[in-house]
Amino acid sequence: DIIRTIRDPEKPNTLEELEVVTENGVEVQEIGEDEYLVIIRFTPTVPHCSLATLIGLCLRVKLQRCLPFRHKLEIYISEGTHSTEEDINKQINDKERVAAAMENPNLREIVEQCVTEPD
């Protein structure tokens, strides 16, 4: 429910409407007392999607802000659905790279537009 309303950076649709995120792509495992591992697998609309890293960043930001419990978050492109999935998976799961990306004002503004709930 938290990620279903994230908007695509290029299209007026949500990631759910574009089937980039689905309920089947969300997994939650208890890893300790009141601590969970949340795994998200998303499918870009095309195998060469240039915005896949940005979509992963939007997913991470939205979940970090909204999850009401302690968690470890892993975000992956669904296997075999992107030409550079391994590189992108490394980027969106690297804390330093994510922090650096969010320091870029232009990138931060795009992420905010995508993750802000519609009125």
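The values are calculated or read from the model by the stated rules, or taken from the named source; none is laboratory data. Since we're looking at a predicted model, the values are computed, not measured. No Cβ is skipped: glycine too gets one built from the backbone with ideal geometry, and neighbour counts run over all protein chains shown. Surface areas here come from the heavy atoms of the whole protein model, side chains and all, with no ligands, DNA or RNA. Shrake-Rupley method; radii C 1.70, N 1.55, O 1.52, S 1.80 Å.
For region 36-47, backbone phi angles converted through the Karplus equation (6.51, -1.76, 1.60; θ = phi - 60°) give residue-by-residue couplings of 10, 9, 10, 10, 10, 10, 10, 10, x, 5, 9, x Hz, Gly and Pro being listed as x.
Once the piece of chain linking Arg70 and Ile31 is laid out straight, how much longer is it, given 0.36 nm per residue of separation minus the C-alpha distance between them?
Roughly 13.0 nm would be gained on extension.
Could you order the peptides 70-78, 52-60 from most to least packed, using the average number of other C-beta atoms within 10 Å per residue?
Working: 70-78: 16.9, 52-60: 23.7.
Highest mean packing first, the order is 52-60, 70-78.
Given a Förster distance of 25 angstrom, what is the FRET efficiency for Leu18 paired with Thr116, based on the Cβ-Cβ distance and rounded to 0.05? Using R0 = 25 Å, I get an efficiency of 0.90. Under 5 Å from the amide H of Ile75 lie the amide H atoms of Ile40, each residue being 5 or more positions distant or on a separate chain, with H modelled from the backbone and absent for Pro and chain starts. For the chain, the fraction of 1.4 Å probe accessible surface lying on carbon and sulfur atoms is 46 percent.
Accessible surface for region 21-110, divided over its residues, is 61 Å² per residue with a 1.4 Å probe. For region 1-62 versus region 84-109, the inter-centroid distance based on Cα atoms is 14 Å.
Sequentially through region 2-7, phi angles give Karplus couplings (6.51, -1.76, 1.60; θ = phi - 60°) of 5, 8, 5, 9, 4, 8 Hz, Gly and Pro residues having no value and appearing as x. The DSSP beta bridges internal to region 21-110 are antiparallel in roughly 45% of cases.
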